[in-house]
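Chemist: Okay, here's the structure, questions in a sec.
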Amino acid sequence: MANATPGSPVRVRFCPSPTGNPHVGLVRTALFNWAFARHHQGTLVFRIEDTDAARDSEESYGQLLDAMRWLGFDWDEGPEVGGPHAPYRQSQRMDLYKDIADKLLTAGHAYRCYCTTEELDARRDAARKAGKPSGYDGKCRVVTTEQKAAYEAEGRTSIVRFRMPDEPITFTDLVRGELTFTPENVPDYGIVRANGAPLYTLVNPVDDALMEITHVLRGEDLLSSTPRQIALYKALIELGVAKETPAFGHLPYVMGEGNKKLSKRDPQASLNLYRERGFLPAGLLNYLSLLGWSLSEDRDIFTMDEMVAAFDIEAVNANPARFDLKKCEAINGTHLRMLDVKDFIAACEPWLQAPHAPWAPEKFDRARFEAIAPHAQTRLTVLSDITPNVDFLFLDTPVEDEASWSKAMKEGSDALLRTAREKLEGADWSSPESLKEAVLAAGEEHGLKLGKAQAPVRVAVTGRTVGLPLFESLEILGKERTLARIDAALAKLTA
Ligand code: GLU
Ligand code: ZN
């Protein structure tokens, strides 16, 4: 099977079904198609495969569009942008499919199958027991006019089945190389339900043909449908519906916990999780691009422009890719550090407001936030972590975290805090160095190293044992409030 003609314009598609929330596997497929289209200055078609009325929803359709926009993927044809092959929602294209199914029937590429589910099951079981291929056995390939009349008189309904060729199908997968499927493994398959509704098996390749798709890049889970689609394409070319069979490339599986395929239902798989935790699209996409591809052996941090410039579908690795949340977070953290500080500040914005922010809106102080932001930018991995790291600046009293309190407040902490308070009171509050000297000196008086001495101070002032650099935090909070918080902690300790 020939690949698309070299040099001809590239047309790829991203064609999700609007069921459930968008997940990372879907995003990876969108990303590779988008990068391939942009690399080749081709066209990305965004098509909605909403032919399953029972599972599709408008809500999910809205989420898909929203996700594509958030990720920064632009498409050249599809919902909201239109195009020469509109409409791009399959639910609005039903007449087209019916017409093509009729043509396939008339030309003998498809036939009506009258077998009932019970009959099919019984024959499948028998074939299995006999150790024979258990797919559809071709019984209705030849049905005489009399038989047909008899079936219909019995009240049987029929589906439309595509007639697969009796020879093997070989094609060169862009990722996996040459693959051959033998006829026993690819039996005749249904393309139209008994109620007249066309199936995915028909509408997906028909739309690829009508939309003149040149490269089908999709997940490995769809590999088994490819020989069927290639055979259908051949029939469509014969009927003048398709011009050329596209090239196919199947992206590797994404594995999750316990080396099992990452499932849509896995909480880690949900795109919303990454949005809610404050991943940057650039960071998430950088990580997802590594699920099967790499820019070069020694570089795993890059921008989408760099990915587009370098993307090569033939360099995609066929082996399953492991989804590693820690690595995903680390890469996102690196992208946070790559931002201009003003962009970092802007990106934090949603997490400085309700429902994330626990402080009253009027307590927020932009100057203080801008002072602390650079310290957060060098440390965070996800934007949502900004809130607990800065809340001590905007709450009247720091959060009460019992675990932090009991961890930091030991025998003798009150004495240490008293000394630290005294020294901080006399320190130079325009320099974090001077505040550090004060706590260091207090620690020395009590035989404590800096780390041990600063822990009770940090918990007294911020409520937590971990946070941004302490002395910068104290400076930004201010002398008065710092001392008042140490007093409140001392009161609690001696109560
Ligand atoms: N609508 C199909 C899905 O959601 C896409 C099939 C394809 O890419 O060919 O899995
Ligand atoms: Zn049949």
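The values are calculated or read from the model by the stated rules, or taken from the named source; none is laboratory data. Just so it is clear, the structure is predicted and the values come from calculations on it, not from any experiment. Virtual Cβ from ideal backbone geometry, glycine too; neighbours counted across all protein chains shown. Just so you know, the surface numbers come from the protein's heavy atoms only, side chains and all, with ligands and any DNA or RNA stripped out. Shrake-Rupley method; radii C 1.70, N 1.55, O 1.52, S 1.80 Å.
Chemist: Could you grab the pairs with beta carbons closer than 8 Å, sequence gap of 6+ or different chains, first residue in segment 114-142 and without any contact (Cβ under 8 Å) to a residue 60 or more places away in the chain and farther than 18 Å from VAL192 by Cα, second one open to solvent by 80 Å² or more (accessible area, probe 1.4 Å) and away from ligand 1 (no atom under 16 Å from the Cβ)?
Modeler: So the pair list comes out as ARG123/ASP137; ARG123/LYS139; ALA127/ASP137; PRO133/GLU184; PRO133/ASN185; SER134/ARG124; SER134/ARG128.
Chemist: Having 3 or more residues that are away from ligand 2 (no atom under 16 Å from the Cβ) is the bar; report the strands (runs of 3 or more DSSP E) wholly within segment 174-239 that clear it.
Modeler: Of the strands (runs of 3 or more DSSP E) lying wholly inside segment 174-239, those with at least 3 residues that are away from ligand 2 (no atom under 16 Å from the Cβ) span 177-181, 215-219.
Chemist: Given SER430, SER404, which one is buried (at least 20 other Cβ atoms within 10 Å of the Cβ) and small (Gly, Ala, Ser)?
Modeler: Answer to the selection: SER404.
Chemist: Give the residues of segment 103-119 that are aliphatic (A, V, I, L, M), within 16 Å of ligand 2 (Cβ to nearest atom) and open to solvent by 40 Å² or more (accessible area, probe 1.4 Å), sorted by residue number.
Modeler: Result: LEU105, single match.
Chemist: Taking segment 290-299 as the search range and keeping residues that are assigned to a loop (DSSP other than H, G, I, E, B) and over 18 Å from the mean Cα position of the chain (by Cα), which one is nearest to TYR253 (Cα to Cα)?
Modeler: LEU295
Chemist: Please tell me if GLY25 is open to solvent by 10 Å² or more (accessible area, probe 1.4 Å), within 16 Å of ligand 2 (Cβ to nearest atom) and under 30 Å from LEU179 (Cβ atoms).
Modeler: No.
Chemist: Restricted to segment 86-102, and to residues that are touching a residue at least 12 places away in the same chain (Cβ under 8 Å) and surrounded by fewer than 17 Cβ atoms within 10 Å (Cβ to Cβ), which residue is nearest to ligand 2 (Cβ to nearest atom)?
Modeler: If we take residues in segment 86-102 being touching a residue at least 12 places away in the same chain (Cβ under 8 Å) and surrounded by fewer than 17 Cβ atoms within 10 Å (Cβ to Cβ), then LYS98 is nearest to ligand 2 (Cβ to nearest atom).
Chemist: Still on this structure: When you check LEU71 against the structure, is it at pLDDT 95 or above and either basic (Lys, Arg) or within 16 Å of ligand 2 (Cβ to nearest atom) (or both), yes or no?
Modeler: So LEU71 does not fit the description; no.
Chemist: Enumerate the helices (runs of 4 or more DSSP H) found wholly within segment 73-156, keeping only those where 1 or more residues are away from ligand 1 (no atom under 16 Å from the Cβ) and under 30 Å from ARG11 (Cα atoms).
Modeler: Hits in segment 73-156: 94-106.
Chemist: Separate question: Please pick out the residue among ILE169, ILE191, ILE230 that is within 26 Å of ILE313 (Cα to Cα), over 26 Å from the mean Cα position of the chain (by Cα) and open to solvent by less than 10 Å² (accessible area, probe 1.4 Å).
Modeler: Residue meeting the stated conditions: ILE230.
Chemist: Go through the residues of segment 474-483 one by one and say whether even a single one is buried (at least 16 other Cβ atoms within 10 Å of the Cβ) and small (Gly, Ala, Ser).
Modeler: no
Chemist: What single numbered condition from (1) buried (at least 20 other Cβ atoms within 10 Å of the Cβ); (2) out of contact with any Leu (no Cβ under 6 Å at 6 or more places or on another chain); (3) over 30 Å from GLY278 (Cβ atoms) fails to hold for ILE372?
Modeler: (3)
Chemist: Could you list, in sequence order, all residues of segment 259-287 that are more than 22 Å from THR387 (Cβ to Cβ), aliphatic (A, V, I, L, M) and in a helix (DSSP H, G or I)?
Modeler: Selection gives ALA269, LEU285.
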